[in-house]
Each structure stands twice: as C-alpha cells, then as structure tokens.
Amino acid sequence: MNKPQTTPKDFFLYVGAIIALYVSAGSLLAVLFSIIGAIFPDAVARSYDYYNGGMRFAIASLIIIFPMYIALSWIIRRDIVANPEKRELSVRKWLVYLTLFVTGLVVVGDLVTVLNVFLGGEVTVRFIAKVIATLVVSGAIFGYYLYDIRRSADENKRVSRIIVVASAAFVLGTLVWGFAVMGSPSKARNLRFDDTRTSDLQSIQWQIINVWQQKGALPAQLSDLNDSLSYFSLPIDPETGASYVYEKTAAKAFKLCATFALGTADGAASGVSASVVRPYGVTDTNWKHSAGTHCFERTIDAALYPVNAKAI
C-alpha cells in the first residue's frame, strides 16, 4: 500500500481545524475564568473590568470559531470514512500528536501548580475552580484525540455523535452562563455612558476648585467655568446632550448632578452624603450613584486648597 500524499486541501483542512480548536479552547477557558472571577471576586484585585471586555471578545470568538471547528472536523471525518488510507496522512499525525503533547503539558502543569500552591497554603476556592476548568477542557481534548488516534475509520458513528453533542452542549451552556454574567449589549453601553458622565463631573469639579483658588469664590453658574486660555469647555451628557446641573449651596459648598442609566457596580444607594473634596490620589471623594438623577454634594477644604494670595 502506497503512503498517502498530503494535498493542499488536506493540509489546510487539518491546520484550520487545529487552529480553530486552540482558539475555541482558549476562548472557552477565558469565558469560564471570567465567570469564576465574577462568582468568586478577588479581594486583593487592583482593578476590575466592569465592561467585561475580555469576556465579550472570548464569547464572540467562541460563537464564530467553535462551529468552524465542528464543521471542519466533520469534513475531515467524512473524508476519512470515504478514504480510510488518509488516516495515515503525516499532517494528521503531526497535528494530532502535537495536540496530545500540548494538552498533556497543560494537564501536568496544572497539577504541579495545584500542588505548589497547596504546599504554600494559598489555596482558594477561586483558584481551585480555575484549575478544575483547565483540567476539564484540556483533559477532554486530550482524551478525545487519544481516542481518535486509536479508533478505526469505520467505527460506530454513535460515539462521535455523542462527543460532538456533549461538547456543543457544554460550550452552549458556558455561553449562556457567560451572557448572564456579562449582561446585555445595552447594559454595556449604559455603563460606558455612566462612566463618561462620572468623568465629566470630575473634570467640572476640578475646574470649580481651580476657580476657587484663583478667585476666592465659587462660580455662580457652570458657564463661568469656560476658559479659552486653559482650553476648558463644559462637557455635556454623552447620550442626551443636556447640560450637567451645578448649584452653589454655600460659600465653599456646591453640588453637581447628572442623570445616570444605572447604579454603580457595588450597588450604592441614593442620597450620598456630603464629601469633602480631597486632592488627586486621595480616594475618599465619593462618586457612587444610583440610577436616575443623582447629585454629589461637595465641600472645599480651604486648608487643602488655599486661595491664591493675589485673589485676596
């Protein structure tokens, strides 16, 4: 029997399938890790992706790439059934064994990491959940390709169908769970609008402080903040185009108001108490807000923001 020759069609089918597999596996793990991170938040994390940018990209990749992997695998399997000698294609063996090697390394590395963390006494539920997710995904890929390299070309198709259905069900379940954690596209859009509103109010606040230091008095109205020399122009609501609300409530006190689509991520209640304005880098200025119209009351600390001597 002559050794089968790899055609360009065979090469690109196998390479495409393996690339689609790796991308799908990576995206699946990224979604699972994001879900785990949402369920078991890290108390020492420095930042959090409120827009779920990583999860959104992983979900998009999984929705597009995983069906491509299933389709390419089906074409390859159908070709092998029609031409059993193609099981001996060198490109097939190289890529299958490469996949076994890579997933085997991942499994071993995962177990070594677990043992190392356990011995260091740093095991957390969040960590264990991510380890289990990695073991399940990489172990499933390793087991399938180990089975695939050993089975015969005319083996019962029922097993293959069960594997495909189980894989698709697992991916679909993960996608549904991911969408539940991530929220709708409209929620992401509203989060970005609210983030812009908060940023705008912060800019206005610091411009008010600048006026206070330069003139020794708070501005009477927002339009007084426009300054062509400093290139500051009043921002407006990014969605409605309406002006933000400013009110001078005392000689050194004022409030800023905006209408928000959503409450802050940690569920701040309405009616935030008055907060003394602090310098950049000090974090006790409160920007938590509820959905709807919300006002932030501020009092300038004259000791921290002394009035310019020329203004006196």
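The values are calculated or read from the model by the stated rules, or taken from the named source; none is laboratory data. In this text the structure is predicted, and so the values were computed from the model without any measurement. Reconstructed Cβ throughout: ideal geometry from the backbone, glycine too, with neighbour counts over all protein chains shown. Keep in mind that these areas ignore ligands, DNA and RNA; they rest on the heavy atoms of the full protein, side chains included. Shrake-Rupley method; radii C 1.70, N 1.55, O 1.52, S 1.80 Å.
Taking only protein heavy atoms and a 1.4 Å probe, the accessible area of the range 136-212 is 62% carbon and sulfur. Shown is the FRET efficiency for residue 19 and residue 115, computed with R0 = 51 Å from the Cβ-Cβ distance and rounded to the nearest 0.05: 0.95. Near residue 151, no amide H atom lies under 5 Å from its own; only residues 5 or more places off or on other chains count, and H is placed 1.01 Å from N. Distance between the 7 Å Cα→Cβ label points at residue 151 and residue 39: 3.0 nm. Cross-link partners of residue 215 among lysines, defined as those whose alpha carbon lies under 20 angstrom from its own and excluding same-chain residues fewer than eight positions apart: 248, 252, 255, 310.
Taking the empirical scaling 2.2 N^0.38 Å for compact globular proteins as reference, the range 86-173 has a Cα radius of gyration ratio of 1.35. Label separation (residue 202 vs residue 128): 3.8 nm, computed from points 7 Å beyond Cα along the C-beta direction. The packing ranking, built from the mean of other Cβ atoms within 10 Å per residue, places the peptides 233-242, 171-180 in the order 171-180, 233-242, highest first.
Working from label points 7 Å from Cα in the Cα-to-Cβ sense, the residue 286 to residue 233 distance is 3.5 nm. Here the Karplus curve 6.51 cos²θ - 1.76 cosθ + 1.60, taken at θ = phi - 60°, turns the phi angles of the range 22-32 into couplings of 5, 5, 5, 5, x, 5, 4, 5, 4, 5, 4 Hz, with x standing for Gly and Pro.
Under 13 Å from a point placed 7 Å out from the Cα of residue 257 along the Cα-to-Cβ direction: which residues of the range 215-249 have their backbone N that close? The answer is 243-249. Put simply, the amide H of residue 239, placed in the peptide plane, has no neighbours under 5 Å, leaving out anything fewer than 5 places away on its chain. Working note: Karplus 6.51/-1.76/1.60 with θ = phi - 60° gives the range 203-209 the couplings 4, 4, 4, 6, 6, 4, 4 Hz, where Gly and Pro are set to x.
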